[in-house]
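Q: Quick one: the structure is below, and I'll ask about it shortly.
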2 protein chains.
Amino acid sequence: MERIKQHLLDHDVKPSLQRMAVMKYLMDNKTHPTADMIFNELFPSIPTLSKTTVYNTLKLLTDKGAILMIGIDEKNARFDGDTSPHAHFRCKGCGCIYDIPIDVNNTIFVDGIGELTIDEVHVYYKGSCKECAEAHAENDQAKS
Amino acid sequence: MERIKQHLLDHDVKPSLQRMAVMKYLMDNKTHPTADMIFNELFPSIPTLSKTTVYNTLKLLTDKGAILMIGIDEKNARFDGDTSPHAHFRCKGCGCIYDIPIDVNNTIFVDGIGELTIDEVHVYYKGSCKECAEAHAENDQAKS
DNA sequence: ATCAAAATTGTAATCATTACAAATCTGAAA
DNA sequence: TTTCAGATTTGTAATGATTACAATTTTGAT
């Protein structure tokens, strides 16, 4: 519990009741839930909780790097409390999502879960192109 | 032009005017456009075109493997006429999306575009978990 | 106890995508 | 050529996740 609070503080997030609940849920459940799932799970124990708060919190935590937003499901965003480098596998049949340890070379990975038939591998990079990186640097300069 | 038609036929898609136009647009433009962009670009030359047709066509082409749906933009789906293995880079500043050649080892790649600052690398696998793969096999068996 | 800033909440938009049913087109058979 | 069924296209009306916004509540310092 104290670990949760520290994790938020480490990422510059003031630990409120709601934020800690969302963070704790994502750390305890490796299921990569949607915002809606998180709301429904937490609502019983926090009856005043609003769905907007869940969305706000998830956005804040994502921006601060405390959690990861996963775009593997074209319908809704999914969230992962584990920010360490790993890949994800989504079954096209049942929609389940597994964590996959990343190896340096692009071989197919299997863990205790069983065999996984890989149809598609998607690799996405996100960052800044040269122009934007330079603009950023200027802005930072201007601010200081 | 004949190449477009053949590409559709190769993927079991009956080549209609609209389908060829969408396919041609994606082959000519490596910009990873959204459905909306494609509609707006094609509408002048095909005044009867409907946005629903664009969506239908993109879904069909994606299902048949003639194009790729890219989930790098959390707002809307993007499409790529190049189905050969390559990664994508999206600038968080301007939103531009570049094709990135994939190498076996996970080093950072640069091409003629210039330097790219990589903040995040997302690797997604899609396929079937063991249970679904087996269910699939049974279904196929039953059908034959 | 007081007050401003931050956080939370509920409701009402937004907007990409899909459902659906009508209209149109296509190509084979008569 | 005409006809007709099936495939394709079209327009309009939903759907549903996410966000905007303004009001309310909470927090923490004075």
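Q: Place the label 7 angstrom along Cα→C-beta at B:Thr31 and in each other copy, then list the distances from the first to the rest in nm, shortest first.
A: Ordered by distance, the counterparts are at 4.2 nm.
Q: To continue, here is another question. Lysines within cross-link reach of B:Lys51: Cα-Cα under 26 Å, excluding same-chain residues under 8 positions apart?
A: B:Lys51 reaches A:Lys75, B:Lys5, B:Lys14, B:Lys24, B:Lys30, B:Lys59, B:Lys64, B:Lys75.
Q: Every other copy gets compared here: list the nm distances from the B:Asp99 label point (7 Å along Cα to Cβ) to its counterparts, shortest first, one decimal.
A: Copy-to-copy label distances for B:Asp99: 3.5 nm.
Q: Looking only at other chains, what is the average number of their beta-carbon atoms within 10 angstrom of each beta-carbon in B:86-94?
A: Counting other chains' Cβ atoms within 10 Å and averaging over B:86-94 gives 6.
Q: Let's see if you can work this out: charge +1 on each Lys and Arg Cβ, -1 on each Asp and Glu Cβ, no other charges. What is the dipole magnitude of the stretch A:1-59 about its Cα centre, in debye to the nearest 20?
A: So the magnitude is around 80 debye.
Q: Can I ask one more? According to the square roots a ≥ b ≥ c of the eigenvalues of the Cα gyration tensor, what is the shape class of the stretch A:1-82, taking rounded for a/c under 1.5, prolate for a/b larger than b/c otherwise, and oblate for the remainder?
A: The shape class here is oblate.
Q: Oh, and also: If the label for A:Ser45 sits 7 angstrom from Cα along the Cα-to-Cβ line, what are its distances to the same label in every other copy, in nm to one decimal, shortest first?
A: 5.8
Q: Give the calculated FRET efficiency between B:Asp63 and A:Glu131 to the nearest 0.05, with a Förster radius of 30 Å applied to their Cβ-Cβ distance.
A: Rounded to the nearest 0.05, the efficiency is 0.25.
Q: Under 5 Å between amide hydrogens, which residues at least 5 positions from A:Ile70 or on another chain qualify, with H placed 1.01 Å from N in the peptide plane?
A: Those lying under 5 Å, H to H, from A:Ile70 are A:Arg78, A:Phe79, A:Asp80.
Read the figures in this text as sums done on the coordinates, not as results from a lab. Worth saying up front: this structure is predicted, and the values here are computed from it rather than measured. All Cβ positions, even for glycine, are placed from backbone atoms using ideal geometry, and neighbour counts span all protein chains on display.
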